[in-house]
1. Amide H neighbours of Glu112 under 5 Å, counting only residues 5+ apart in sequence or on other chains, H built in-plane at 1.01 Å?
2. With θ set to phi - 60° and the Karplus curve 6.51 cos²θ - 1.76 cosθ + 1.60, what are the ³J(HN,Hα) couplings of region 87-94 in order, to the nearest whole Hz, using x for Gly and Pro?
3. As an exercise, use a Förster radius of 45 Å and the Cβ-Cβ distance of Leu181 and Asp62 to find the FRET efficiency, rounded to the nearest 0.05.
4. Give me a comma-separated list of calculated 3J(HN,Hα) values for region 76-84, in order, Karplus coefficients 6.51, -1.76, 1.60 applied at θ = phi - 60°, integers in Hz, x for any Gly or Pro.
5. Karplus couplings for region 50-61 from phi (6.51 cos²θ - 1.76 cosθ + 1.60, θ = phi - 60°), rounded to Hz, Gly and Pro as x?
6. As a check on your grasp of the helix formula, calculate [θ] at 222 nm for the chain: sum -39500 (n - 2.57) over DSSP H runs of n ≥ 4, divide by the residue count, round to the nearest 500.
7. Quick query: amide H of Arg57 versus all other amide H atoms, modeled in the peptide plane; which residues come in under 5 Å with a sequence gap of 5 or more or a different chain?
8. Which listed residue (Pro111, Tyr8, Gly35) has the Cα farthest towards the positive end of the charge dipole for the chain, taking +1 on Lys and Arg C-beta and -1 on Asp and Glu C-beta about the Cα centre?
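Each value in this text was obtained by applying a stated rule to the coordinates, not by laboratory testing. The structure presented is a predicted model; accordingly, all values stated were derived computationally and were not measured. Note that we place each Cβ from the backbone using ideal geometry, even for glycine, and neighbour counts take in every protein chain shown.
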Amino acid sequence: MLKAIFDYILAALGLIIFAPLLIIIALLIKIDSPGAVFFRQERVGKNGRIFFIHKFRTMYSDSDPRNTLTSGTRDTRITRVGKMIRRSHLDEVVQLIDVLLGNMSIVGPRPEICKYTQYYQDKWNEVLQVKPGITGLAAIKLASWEYKKLSITASPDETYIKTILPRKLQLEKIYVTRRSLLLDISIIYSTICEIFK
């Protein structure tokens, strides 16, 4: 209950504080390439419930939606503005909306694309006991490493499933086991430091 109140207050404040920045990003996206400002995609939430996550659109509108992983700087589907906001993770700030909708938490395991939850199902059963988060333990510890791995591989899907996903799930399980308000505050602080470093 305390975590839910904490989430709602932080999400509402975040949207108010970041409103000018979000408007600027939305305008840049519209100027840079045709298409919608937001990108919505099915993700797996608490107890395996499917929901639509919100992100700023970072790819060209005619990009193939079946190829869900990006391959770093080599990915020609990403727009100029998209590259900029991906580097700083600003494309994910609008997920504060998903927190207010009750689909996500500020901190928790990152919500996964549906097709990847068919792998390592025993681990997913533990991880999906809690709401997914905008940021989390795996997000702050593995983001740069994951980006580099996907940038150099010839097979992003295989690398993600065999190399990245097991490490992610290991850290997500640690969060689920040790979760507390104090840990959440620590992760939020680390996330802010990572964004502005």
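1. Correct list: Val44.
2. 4, 9, 6, 5, 5, 9, 4, 5
3. With a Förster radius of 45 Å, E is 0.55.
4. Result, ordered by residue: 6, 6, 7, 6, 4, 5, x, 4, 5 Hz.
5. So the J values, rounded to whole Hz, are 7, 9, 9, 7, 9, 9, 6, 5, 10, 10, 5, 4.
6. Computed mean residue ellipticity for the chain: -16000 deg cm²/dmol.
7. Those qualifying (amide H under 5 Å, at least 5 residues apart or on another chain) are Phe38, Phe39.
8. Checked the options; the winner is Pro111.
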